[in-house]
Structures are given as C-alpha cells and as structure tokens.
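Following: one structure in structure tokens, then a few remarks.
The values are calculated or read from the model by the stated rules, or taken from the named source; none is laboratory data. All figures in this text were calculated on a predicted structure; none of them were measured in a lab. Neighbour counts run over all protein chains shown; Cβ positions are idealised from the backbone, glycine included.
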C-alpha cells in the first residue's frame with residue numbers, strides 16, 4: 001500500500017462529491033466547523049486481485065501472463081488492479097473510504113506509471129527476460145533517478161558494477177578463443193548467460 005499527501009484543492013477537484021458529503025456530515029451531523037487550516041488529504045493505493053480459491057495457481061497464471069507484456073499493456077493491467085482510498089484528516093477527526101474504480105487522479109496515475117517501470121525492470125533482471133526491459137520508458141526523474149535505481153538493483157541482486165563488458169569478452173573470444181578468458185571473465189559470462 002502506498003500513500004501520498006495531496007493538497008485540498010487537488011482532492012476537491014478529483015473527488016468533489018465525496019468530499020462534499022464528508023463536509024456535510026461534519027457540519028450537519030457532528031456539529032463541527034470545517035477548519036480548512038487543519039484539513040489534510042491522502043490518497044492510498046493498493047493492487048488487488050479478484051478472490052480465488054487457489055491463490056497460488058492464480059499467482060502463477062498472473063506471472064505467466066505479465067512476464068511478456070510490453071510496458072503499455074502492463075501499465076493498463078496494473079491500473080485495472082488498482083484500488084484507491086481517499087482519507088481526510090481534520091485535527092483528531094479522520095474519515096476514509098474506497099473511491100470508485102472508474103476514475104484515477106493524475107498524481108496516482110503518475111505514481112503507478114513509475115511503479116510499473118520499477119516492477120518490470122526488477123522482474124526482467126531476475127528472470128533475464130530482456131525483451132520486456134526494452135519496452136520500459138525512461139524513469140521520470142521527479143519520482144526516481146534511473147541511475148540510482150539501477151545501482152540499487154544491481155547491489156540487491158549481487159551484480160555490482162565491474163570493469164567487465166560483454167561486448168569486450170565476446171570480441172576476445174572471437175579473436176583468441178574461449179581458453180584466453182580469465183576466471184573473472186568466465187564467471188561474468190556464465191552469470192550473464194543465466
């Protein structure tokens with residue numbers, strides 16, 4: 001679950017009917033005054049799958065389905081699984097509810113676009129499926145630095161940066177044969193092929 005704080009005007013623009021209901025409830029049923037200086041709004045998102053009897057089988061089917069999806073198809077799939085909650089705080093008073101699926105506020109849409117890129121890049125690194133990786137657009141640097149993420153990903157997967165380069169190794173093999181490779185080059189080549 002991810003939460004992001006949004007300003008009052010953005011929340012009122014995105015979910016005006018729901019927020020007006022809450023304002024009416026606070027003033028008419030609780031007898032409180034709306035104090036705009038104390039209002040805070042948050043969007044919370046989660047990705048949910050339909051209920052299934054065999055969740056393990058459902059996860060396997062989903063993995064098979066999404067592992068070859070290009071970015072645009074994957075983003076559409078992720079958005080279809082998205083659930084959005086709106087939360088309003090005013091001092092000690094908090095109210096929250098799930099929002100209808102038919103509308104996705106722009107801040108949420110932008111966040112899901114970047115999360116989808118991260119998921120796909122991580123999956124392609126783990127599975128070695130490069131065809132999926134090439135469909136991923138560049139990261140929006142306002143959310144995350146792609147260089148920073150890739151460095152953290154390599155560290156997480158135990159693939160620290162090295163001076164070895166696949167093209168250089170392949171050139172060496174074509175010129176002088178496999179026997180000319182060093183132990184580090186062989187290890188790198190085997191790791192890359194996996």
Anything in the range 31-60 that is over 30 Å from residue 143 (Cβ atoms) and either modelled with pLDDT of 90 or more or outside the structural domain of residue 78 (by TED's automatic domain parsing) (or both)? List them, or say none.
31, 32, 33, 34, 35
Collect the residues in the range 7-36 that are under 14 Å from residue 96 (Cα atoms) and not in a helix (DSSP H, G or I), keeping them in residue-number order.
15
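From the residues in the range 27-48 that are under 14 Å from residue 82 (Cα atoms) and surrounded by 11 or more Cβ atoms within 10 Å (Cβ to Cβ), which one is farthest from the chain's Cα centre (by Cα)? Working first, answer last.
Start the filter on the range 27-48 by keeping residues that are under 14 Å from residue 82 (Cα atoms), which leaves 43-48.
Filter once more, keeping what is surrounded by 11 or more Cβ atoms within 10 Å (Cβ to Cβ): 43-47.
Details: 43: 15, 44: 13, 45: 11, 46: 10, 47: 10 Å.
So, considering only residues that are under 14 Å from residue 82 (Cα atoms) and surrounded by 11 or more Cβ atoms within 10 Å (Cβ to Cβ), the one farthest from the chain's Cα centre (by Cα) is 43.
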Out of curiosity, is residue 189 at pLDDT below 85, touching a helix residue (DSSP H, G or I) at 6+ places or on another chain (Cβ under 7 Å) and over 17 Å from residue 47 (Cβ atoms)?
yes
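Scan the range 48-64 and tell me whether some residue there is part of a helix (DSSP H, G or I) and touching a helix residue (DSSP H, G or I) at 6+ places or on another chain (Cβ under 7 Å).
Looking through the range 48-64, none of the residues is part of a helix (DSSP H, G or I) and touching a helix residue (DSSP H, G or I) at 6+ places or on another chain (Cβ under 7 Å).
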Checking the structure you have, find out if any residue of the range 106-113 is closer than 28 Å to residue 39 by Cβ, more than 12 Å from the chain's Cα centre (by Cα) and at pLDDT 90 or above.
yes
Only one of (1) surrounded by 16 or more Cβ atoms within 10 Å (Cβ to Cβ); (2) under 19 Å from residue 143 (Cβ atoms); (3) in contact with a strand residue (DSSP E or B) (Cβ under 9 Å, 6 or more places away or on another chain); (4) touching a residue at least 60 places away in the same chain (Cβ under 8 Å) is not met by residue 4, so which one is it?
(1)
Tally time: how many residues in the range 7-29 are touching a residue at least 12 places away in the same chain (Cβ under 8 Å) and either more than 15 Å from residue 93 (Cα to Cα) or out of contact with any helix residue (DSSP H, G or I) (no Cβ under 6 Å at 6 or more places or on another chain) (or both)?
10
Looking for something under 28 Å from residue 29 (Cβ atoms) and either in a helix (DSSP H, G or I) or within 17 Å of the chain's Cα centre (by Cα) (or both) - is there at least one such residue anywhere in the range 90-105?
yes
